[in-house]
Amino acid sequence: MKILLVEDDEFKAADLGAIILEVYRDACIERAMSVTAALRWLSTQKFDVVLLDMSLPTFDMSGPGGGGSPQGQGGIEVLRLARRLHHISPFIIVTQYPDIELEGRSLRLADAPQILSKMLGISIKSCILYELDDDSWRRELRIVLNTRR
Amino acid sequence: LGVYDVHKQDLEQSQFGKLAARLVSASDVKPAQLREISTWELPFFSTETRLIRHQSFSVLVVSAVLRSLTAESNISTQQILDLISRAEGVQSYLSLQTLDAISSLPATTNSLLLRFLVAELRFRRTRSGDDELERRSHFMDLFPANNRHDIVPFLDELAHDHPILAIQIARWCTRRFLERLFRIMASVRDVLEVRLGICVWLILHDKLLEEDHTEERNALERELSNLETRSDIDSTRVHVDEELFREWFNDTQQPSAVRYVQTVIAEGSVIANESLIAYFSKFQNDELLMSTASIGSDLILVQIVDQTLSAFASDENFGLDAYLSRRIRHGTLRGHLLAPVDKVLRDLAEMSGNRDMAADDDRSMRAHQILFKWRSKLLHAIDHVRKEIIQVKSPQNRNGLIQSSWRTVTNVRYLDAVVNRVRQRVIETGGSYDIFPDVYAFCWDCLEADLVQLRRYMARDFLAGALTSLKNAYGESPSDVKQILWGPVAAIGTEVKNRVYEVCGWFIRPVFRRNEYSLKTLINTYFSTVKELDENYNFAEHLIMEQDISIDRLTFELLGDILFILIGNAAQHGKANGRITIVARWVADRTDHVELTVTSEADNQASLVEAVNRINAAITGTEADRAAVREGFSGLRKIKGLFSSRQLVGNVFDFYHESIECSITFLIRIPAKFMAARLELV
């Protein structure tokens, strides 16, 4: 199982990584910590699952000059490229936002997978609200990952 | 052709004109339509009639030509490139179907450059995110992956046959555009270097905007010079998208800006009888701002500034509020402050061997419960901050600390200064001065006081509340649990404090546009900043300098970081009620240095020895610590790192102590104009 984890926050990435490894012990997890890194991965490879954060820096924070402009909806940029490349990788959006903005529209997370999948012509399996004080996202992510088996 | 006849003289002078005439005559566009549109447009243009008439006519002709193209048209790639390059804004006259038709022409599909140009026109027509990615993808297709160095040579080559088009493309390659070329750019440094190369190229080729390009080149050089120092702080600092902001300004304020410049020129260099502050003090409300007719240049500028400041704070695309909403209020703030707490809670849970805290270790479980209850309070306080405090003040958000208003005593002074400065520059340049940079800098000036309030709130109200309730939770816990609770409580206290200081670092102005700064202001600012962050700060401050010293931006930023660390350390470790003395002087040597000593007192001999040992250990450490803000008040290794990475003759960073006076003094000597010194070295 080859998984791309697009997440700039170490704490959240560790949290998500633990769930992935819980569901897929042999998962090979690649990590992208910025929009640029994610776009580069998607330009060259296919994944069994892509876990995607929405708010990302343009570049890896560790690079010369830091992260560049913060992109509040950087995840959408990643999805747009996936559409352009006719990417077959399924996406799971894991965000701390209660909604997703697209072309001036605010989409509720519950509605977003269906609308985004239709609009962008790619496979978005789920949009999960990641909350530090509520573990329900863990259950939701386990279920979605398990359906990929 | 009637329209052609009118412009015959202009058009016949060029190949373009001949081609246009031939193709227009073959198209289904009726000359009368062109004439009608052309005439209709003219009243909107002011005095430069001949040029503008020619330009608008060119656009109309080119659009007609492009509409008439079919797969059978006998037109080459070069001819289409030539047409498009001569008609800026042609996309406004073309439907999306026409653009699609052009993109499928053999002349287009065979040319990577033309494919990019058509995608660019389409994006400029729709402004959609998809088309924006499309145009970038086509642009990236022009270059091999990771080869950013090819962009300037590409412009050079293009300029041979299509000089106007080359300049146009160079202007399109803004920093924001370059930043998103993911196959070519890998870091902020790449972006800055390429944009700098393009600016240098534009200075040679684009004489019309030479001054703007030169200013940008200088700013980029400064930014590249101190990239490492600023990088980790800037990535999380408050942010307004300057390029989108500029686009907004051009779209909405340009007519007023033109009117302003014309009025200033008409008024001449007469000095007003009174300053704007005195003038405004006569009015009790904003009524005068509602009047747009027959008003002087100052008030036109105030109108511009008023609307621009409002957009700066609240625009949903590029404004500060949009950034706060996307980057800070949603998740980031909560995650940042709660992450270390949750880590400690997890560790505590793991101590009992069970994440859900089974009853096998009753004391651990009760300790976990106490901390979890405190965490709920912290969460509540964080939610209050993000929902109520880090907000632009409005009727809906009355507690918001971001006022972003020029109607305060301090900000009216900034306004007065910007009004005078801009007026002077407009007069000096004979009306060619671009007012946007000054207005933009003014917006940040107005925000300065709000940022201070935010930092103060976080460091005092929020942090004090969180630590007090943590202390209470510990104090009220049963004595058998205290034993287990002590370690986690101490760890949480330290971590939360550090994280809050980090959050304070987010609320520091990121943009400095000027290149000359006052050292005295810098020192006083950092005394205030440290005082804001440390609620126990209780020191007598002494600043000794005979006259103010002018320093450049790089020196300003380096000294800013250094003072933050040294004053912070003095405040944290120095003698309570003691004094912190800073002596600054100019050293007139080959590169004109500025020399600072920062002296603080220790409580007694024992603490002096301890402090000296600690400083020695920090300074002789091997790893340069890059994150002063993250560390709170430490980071001597960072200073050492700053100095070792900037090896210039005459730089000094040292410390000494006086046993009798029980004092520690740091000595810093760096060039007053660091940038100039570095260039001289190169």
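Figure the gain on full extension for B:Thr494 and B:Lys482 (residue separation times 0.36 nm, minus the Cα-Cα span) and round it to one decimal in nm.
Here the segment from B:Thr494 to B:Lys482 would lengthen by 2.6 nm.
Between B:Gln453 and B:Asn146, what is the FRET efficiency for a Förster distance of 60 Å, r being their Cβ-Cβ separation, to the nearest 0.05?
0.85
Under 5 Å between amide hydrogens, which residues at least 5 positions from B:His593 or on another chain qualify, with H placed 1.01 Å from N in the peptide plane?
Close amide H contacts, sequence-distant or interchain: B:Val587, B:Ala672.
Return the distance in nm (one decimal) between the two label points of a simple spin-label model at A:Glu10 and B:Ile164, each offset 7 Å from Cα along Cα→Cβ.
5.5
HN-Hα J couplings of region B:245-256 from phi, Karplus 6.51/-1.76/1.60, θ = phi - 60°, integer Hz, Gly and Pro as x?
Listing the rounded values in order: 4, 5, 4, 4, 4, 5, 6, 10, 10, 4, x, 5 Hz.
In the neighborhood of A:Asp53, defined by Cβ-to-Cβ distances under 9 Å, what is the net charge if each Lys or Arg adds +1 and each Asp or Glu adds -1?
-2
How large is ³J(HN,Hα), in whole Hz, for each residue of region B:81-97 in order, when computed from phi with the Karplus curve 6.51 cos²θ - 1.76 cosθ + 1.60 and θ = phi - 60°, using x for Gly and Pro?
4, 4, 4, 5, 5, 9, 9, 5, x, 4, 4, 5, 9, 10, 7, 5, 5
Under the rule a/c < 1.5 gives rounded, and otherwise a/b versus b/c splits prolate from oblate, where does chain A land using the Cα gyration tensor?
Rounded, because the longest to shortest axis ratio a/c is under 1.5.
Write down Rg/Rh for region B:109-211, rounded to two decimals, with Rg from the C-alpha atoms and Rh from the Kirkwood relation over Cα pairs.
My calculation puts Rg/Rh at 0.94.
Tabulate in residue order the Karplus-calculated ³J(HN,Hα) for region B:426-436, using 6.51 cos²θ - 1.76 cosθ + 1.60 with θ = phi - 60°, rounded to whole Hz; enter x for Gly and Pro.
The phi angles translate into 5, 5, 4, 8, x, x, 8, 6, 8, 7, 4 Hz.
With Cβ to Cβ distances under 13 Å as the rule, what net charge do the other residues near B:Tyr433 carry (K, R +1; D, E -1)?
Once all neighbours under 13 Å are counted, the net charge is -3.
Counting only residues 5 or more places away or on other chains, whose amide H sits under 5 Å from the amide H of A:Gly68 once H atoms are built in the peptide plane?
Sorted by chain and number, the residues that satisfy this are A:Phe59.
Determine the gain in length on full extension of the stretch B:Glu247-B:Thr70; use 0.36 nm per residue of separation and subtract their C-alpha separation, reporting nm with one decimal.
Stretched fully, the B:Glu247-B:Thr70 segment lengthens by 60.3 nm.
Tell me the label-point distance for the pair A:Asp111, B:Asp362, using the 7 Å Cα-to-Cβ offset, in nm and rounded to one decimal.
Taking the two extended label points, one gets 5.3 nm.
Say the cut-off is 30 Å between C-alpha atoms; which of B:Lys471/B:Lys575; B:Lys575/B:Lys673; B:Lys343/B:Lys482 go over it?
Flagged as over cut-off: B:Lys575/B:Lys673.
Taking springs between alpha-carbon atoms closer than 10 angstrom, which of A:Glu131, A:Glu22, A:Glu103 fluctuates most in the Gaussian network model of chain A?
A:Glu103
Search the structure for amide H atoms under 5 Å from the amide H of B:Thr174, placed 1.01 Å from N in the peptide plane, and list their residues when 5 or more places away or on another chain.
Amide H to amide H, under 5 Å and 5 or more residues apart or across chains, B:Thr174 pairs with nothing.
What whole-number value in Å² describes the accessible area per residue of region B:369-480 for a 1.4 Å probe?
Each residue of region B:369-480 exposes 46 Å² on average to a 1.4 Å probe.
The values are calculated or read from the model by the stated rules, or taken from the named source; none is laboratory data. The shown structure was predicted, so the numbers you read here are calculated from the model rather than taken from an experiment. Reconstructed Cβ throughout: ideal geometry from the backbone, glycine too, with neighbour counts over all protein chains shown. Heavy atoms of the whole protein, side chains included, go into the accessibility calculation; ligands, DNA and RNA do not. Shrake-Rupley method; radii C 1.70, N 1.55, O 1.52, S 1.80 Å.
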